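What follows is one structure encoded as structure tokens, with my remarks underneath.
The values are calculated or read from the model by the stated rules, or taken from the named source; none is laboratory data. A quick note: this is a predicted structure, and the numbers were derived from the prediction, not measured. Note: ideal-geometry Cβ built from the backbone for every residue, glycine included; neighbour counts use all protein chains shown. Just the protein is used for accessible areas: all its heavy atoms, side chains included, with ligands, DNA and RNA removed. Shrake-Rupley method; radii C 1.70, N 1.55, O 1.52, S 1.80 Å.
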Number of protein chains: 2
Amino acid sequence: MPTLAEVAEKAGVSIATVSKVLSNTPYFTEETRRKVMSAVEELGYLPNLAARALSSGKTHLIGVVFPYVYEGIFTDPLVQYILEGIEAECNARGYNILLSTPRLSADGPDENYRRLLQSSYLDGIVALDNVPLSSVLSPALRKNTPAVAIGYGDHPNYVRSDDLQGSTALMEHITGLGHRRIGILTVDESLHYSIQMRHLGLDQVAEEAGLNYVHLPKYDRGDFSIASGMRGAAALLEQYDDLTALVCINDRMALGAIQQVQKMGLKVPDDITIVGYDDILSSQLFSPALTTIDQRAPELGHQAAQMLFALLNNENPDSVVIPTQLRVRESSAPPKVSRQ
Amino acid sequence: MPTLAEVAEKAGVSIATVSKVLSNTPYFTEETRRKVMSAVEELGYLPNLAARALSSGKTHLIGVVFPYVYEGIFTDPLVQYILEGIEAECNARGYNILLSTPRLSADGPDENYRRLLQSSYLDGIVALDNVPLSSVLSPALRKNTPAVAIGYGDHPNYVRSDDLQGSTALMEHITGLGHRRIGILTVDESLHYSIQMRHLGLDQVAEEAGLNYVHLPKYDRGDFSIASGMRGAAALLEQYDDLTALVCINDRMALGAIQQVQKMGLKVPDDITIVGYDDILSSQLFSPALTTIDQRAPELGHQAAQMLFALLNNENPDSVVIPTQLRVRESSAPPKVSRQ
DNA sequence: GTATAATAGTTAAACGCTTAACTACTATTT
DNA sequence: AAATAGTAGTTAAGCGTTTAACTATTATAC
């Protein structure tokens, strides 16, 4: 690979001149610029990024961090859309993405990840930060690497989906339809801040409707999977056969729940209303189409990346909370018999 | 950030000693090793990767390249699963992933990508290489960067899904059920080698069944999307109302086709058989569940990454072709009236 | 006609690491 | 006793950039 030195020799100037011409420093004659550029052209010179990184401290590399807390992280629709949004921004600005998926434990992210952060390899970081277990951003903060959190992690710059507003809208839709015998299918909330927020929304609306959230039938041993949605629906309906609605913490569990209740001979929404959260592709295709919350995940990625570039630009961007959108489809309807 | 020099000073040895102890070079006393390690510990030393890269030429960075040929690349299930497989391998070996999504045009991938390749930033590359338009790997080959292609691109080291075998199995399933009036929903094959292979398989089986593939009703202006599947099914059935089966080049188009024919008052599979290719999540959930081909995409990623690490190890791995699996579900059945 | 400013380019240090080449001492072989 | 091999560590060059500090020339001001 040609180096600056070779270009300089060919152009008959010094190394520094080549470097400066390439970075558009003023005070060079057109003649010199031309000589340099044609030498660059002829040799096909491209800068060695490692050398540039070492010398300038800038790598043009953005770390995109998705903590690996469960299997199949890249099949998580949230992750997909966020990645999509970040990629678009980075590509437009000539930055590359370093994808990191640290394993998390109670004493923090794994060694490989910590090494990466300290390595001076990353100009900035966008991290999904929703796990109370441990933050992937605190090491970055310590090193003063510009970083944006997506989620509820404790970080000055963040982008969040408004889970409280989303779950509130979802639950209001359910209570508004007249449901009072409501089951909740969810996961252990200690795993996820955003799940905690969703629970909070459900709780508040339930209380407003005169229901005691704590005493609502609940299955909270789900793991986001379709299978766990099936298990949860089976468990709940066995114990409480008068439920008229199941509120699920995500779409996959809702789709599992629908399949399960159909298997049990119930019709959705005629016999029972089922709603989810996320608005994944399958939810629109499924029959009945699922009533759910669209959290506009691509926007999360976009805004996070924009915020990061603002930080790199020494600006002072405001954190963002992105509102969600209720998608009412076929899986929700008023209860057959109101038990108001 | 602490450097080798600071560690060396603290440990009372030379920089070289620290470097060598850390890389497990032989010939040091336990005493020296201990002194070095405790200094490293105390200072929290972590190597500067840029410096290491410049000096040694090794970055521990693997480029994962997905050419951006259509919107929503990360929502492509193939991409997701491949990424998942690669990530698992890389993480296990302490390598990081640099995700690159070059824009492709007839005169090759974009400048940003070429710069990346030449930058000495990547120890190796795994690239999705299925686009005849231009190869993302030829620049890598020129620079002698170890690389593995996933797909049919012209590259010595590759991992492929056996599209020929898959499409053959799919078409044999259809003809075996007795279908003869078969419509094809597909995309422009000049865009994708793997699509060409799938067409070839359909062609061969059609001929064996005494059908002339070229004259089979065809809609080839699809773009993989659900919407284009709907359009295609509508167009085809309007012109040929006696079709008993629709073979779709991917699942999303198949799901669109099913929705369209249902909207037209037809039942699947009673009135018409519809099959897809990919086995995405929605295909199992959809009602009727879709008969399709599982190309075992996670395996593609796994094998590709393993092959790359073998190359980095100076081994001489064999290229791999991964067989697919036919998943017979509810959307296919014998034709109502055989027109044999 | 100087002093000052603007223009045009060079020199050389620095970034933090790896590693070949070297020194120095001890143990073993012949 | 000399030669060889093994052990333990150091010195210093080199990787390819960036950039502060410097030199040299030309234009402008007073």
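Here are some notes:
- Meets criteria (within 16 Å of DNA strand C (Cβ to nearest atom) and touching a residue at least 60 places away in the same chain (Cβ under 8 Å)) for A:ALA53: yes
- Meets criteria (out of contact with any Lys or Arg (no Cβ under 9 Å at 6 or more places or on another chain), free of Cβ contacts under 8 Å to residues at least 12 places away in the same chain, open to solvent by 20 Å² or more (accessible area, probe 1.4 Å) and under 16 Å from A:SER119 (Cβ atoms)) for B:ALA92: no
- Taken residue by residue, region A:309-322 has no member that is among the acidic types (Asp, Glu), assigned to a helix (DSSP H, G or I) and away from chain B (no Cβ under 14 Å).
- Residue in region B:320-332 that is over 26 Å from B:TYR152 (Cβ atoms) and buried (at least 21 other Cβ atoms within 10 Å of the Cβ) present: yes
- Here A:GLU172 passes the criteria (1) charged (D, E, K, R); (2) at pLDDT below 95; (3) in contact with a helix residue (DSSP H, G or I) (Cβ under 7 Å, 6 or more places away or on another chain) except the one numbered (2).
- Here A:ASN96 meets the list (1) at pLDDT 90 or above; (2) in the same structural domain as A:ALA8 (by TED's automatic domain parsing); (3) not basic (Lys, Arg) almost entirely, failing just condition (2).
- The condition (being open to solvent by 10 Å² or more (accessible area, probe 1.4 Å), facing chain B (nearest Cβ under 10 Å) and more than 13 Å from A:ALA233 (Cα to Cα)) is satisfied by just one residue among A:GLN284, A:GLN262, A:GLN306: A:GLN284.
- Scan of region A:45-89 for residues that are aliphatic (A, V, I, L, M) and closer than 14 Å to B:SER119 by Cα, ordered by number: A:LEU46, A:LEU49, A:ALA50, A:ALA51, A:ALA53, A:LEU54, A:LEU61
- Flag if A:GLN295 is crowded, with 21+ Cβ neighbours inside 10 Å and polar (S, T, N, Q): yes
- Where helices (runs of 4 or more DSSP H) fall entirely within region A:10-125, those with at least 2 residues that are more than 7 Å from every other protein chain (Cβ to nearest Cβ), more than 29 Å from the chain's Cα centre (by Cα) and within 16 Å of DNA strand D (Cβ to nearest atom) are at A:15-22, A:30-43, A:49-56.
- Of all residues in region A:213-232, those satisfying the criterion of being assigned to a helix (DSSP H, G or I) and of a type outside the set (Lys, Arg) are A:TYR213, A:VAL214, A:HIS215, A:ILE226, A:ALA227, A:SER228, A:GLY229, A:MET230, A:GLY232.
- Any hit, region A:303-312, residues being closer than 20 Å to A:SER167 by Cα and hydrophobic (A, V, I, L, M, F, W, C): no
- The single condition from (1) outside the structural domain of B:LEU237 (by TED's automatic domain parsing); (2) in a strand (DSSP E or B) that B:LEU141 fails is (2).
- Positions within region A:287-297 being within 13 Å of chain B (Cβ to nearest Cβ) and either of a type in the set (A, V, I, L, M, F, W, C) or over 24 Å from B:GLN262 (Cβ atoms) (or both), in sequence order: A:ALA289, A:LEU290, A:ALA297
- Close Cβ contacts (under 7 Å, 6 or more residues apart or on different chains) running from residues in region B:1-21 that are more than 7 Å from DNA strand C (Cβ to nearest atom) to residues that are part of a loop (DSSP other than H, G, I, E, B) comprise B:PRO2/B:GLY44; B:PRO2/B:TYR45; B:VAL7/B:TYR45; B:ALA8/B:SER14; B:VAL21/B:PHE28.
- Residue in region A:228-250 that is outside the structural domain of A:PRO132 (by TED's automatic domain parsing), in contact with a helix residue (DSSP H, G or I) (Cβ under 7 Å, 6 or more places away or on another chain) and surrounded by fewer than 19 Cβ atoms within 10 Å (Cβ to Cβ) present: yes
- Some residue of region A:62-81 being within 11 Å of DNA strand C (Cβ to nearest atom) and within 30 Å of A:GLY151 (Cβ to Cβ): no
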